[in-house]
Amino acid sequence: MNIVILRGQLSSAPQQRVLQSGSVLHQFEVTTRDDAGASSVPVAWFDAPSNQLFAAGDDVVVVGLVRRRFFRSGAVTQSRTEVVASVVLPASKRAKVQRVIQREVARLGDAAMGAVRCA
């Protein structure tokens, strides 16, 4: 399965673009930190709810999947590997975050339940 859960800070304000299809794309970077240091992860969020606005420095939880997207820019085809978000929540909304994580763990199936713990 392809499931990603990130927690980190937005390193810059999300950029919004309207695609030819009419979909609205929000692109941003989430900086995560662990014992190895900081990592910046590109995130794409299509058709985000209008009530979900975030700013640089916000602590968020992102749930989605890793995808390599191909797109045309001018006369050139380009690709980008990123997390395509299905849910983005403020990390401070602990109950909502917990429910979303539990739902994703359940999608992994019973075999993973003993290996994954939600803190």
Positive dipole terminus of the stretch 10-89, leading residue within 64, 27, 74 (C-beta point charges): 74
Ordering of 21-29, 34-42, 70-78 by burial proxy (mean other Cβ atoms within 10 Å per residue, highest first): 21-29, 34-42, 70-78
Unit Cα scatterers, Debye sum, the chain: log10 I(q)/I(0) for q = 0.18, 0.19, 0.21 Å⁻¹: -1.02, -1.12, -1.29
Out of every Cα pair in the stretch 33-92, what percent are spaced more than 20 Å from each other? 39 percent
Can you give the charge dipole size of the chain about its Cα centre, rounded to the nearest 20 debye, using +1 on the beta carbon of Lys and Arg and -1 on the beta carbon of Asp and Glu? 240 debye
A correct Karplus calculation of ³J(HN,Hα) over the stretch 22-30, with 6.51 cos²θ - 1.76 cosθ + 1.60, θ = phi - 60°, whole Hz and x for Gly and Pro, returns x, 5, 9, 10, 9, 10, 7, 10, 10
Out of residues 5 or more away from residue 13 or on other chains, whose amide H comes under 5 Å of its own, with H placed 1.01 Å from N in the peptide plane? 56
Any idea what angle helix 94-108 forms with the longest principal axis of the chain, computed on alpha-carbon atoms, 0 to 90 degrees, nearest 10? 90 degrees
Highest-first arrangement of 6-15, 90-99, where packing means the average Cβ count within 10 Å: 6-15, 90-99
From the helices alone, meaning DSSP H stretches of at least four residues, give me the mean residue ellipticity at 222 nm for the chain, per-run term -39500 (n - 2.57), in deg cm²/dmol to the nearest 500. -4500 deg cm²/dmol
Separation of alpha-carbon centers, the stretch 18-53 and the stretch 70-92, rounded to whole Å: 7 Å
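Every read-out reported here was derived from the displayed coordinates using simple, explicitly stated rules and does not represent laboratory data. The model shown is predicted, which means the values in this text are computed figures rather than measured ones. No Cβ is skipped: glycine too gets one built from the backbone with ideal geometry, and neighbour counts run over all protein chains shown.
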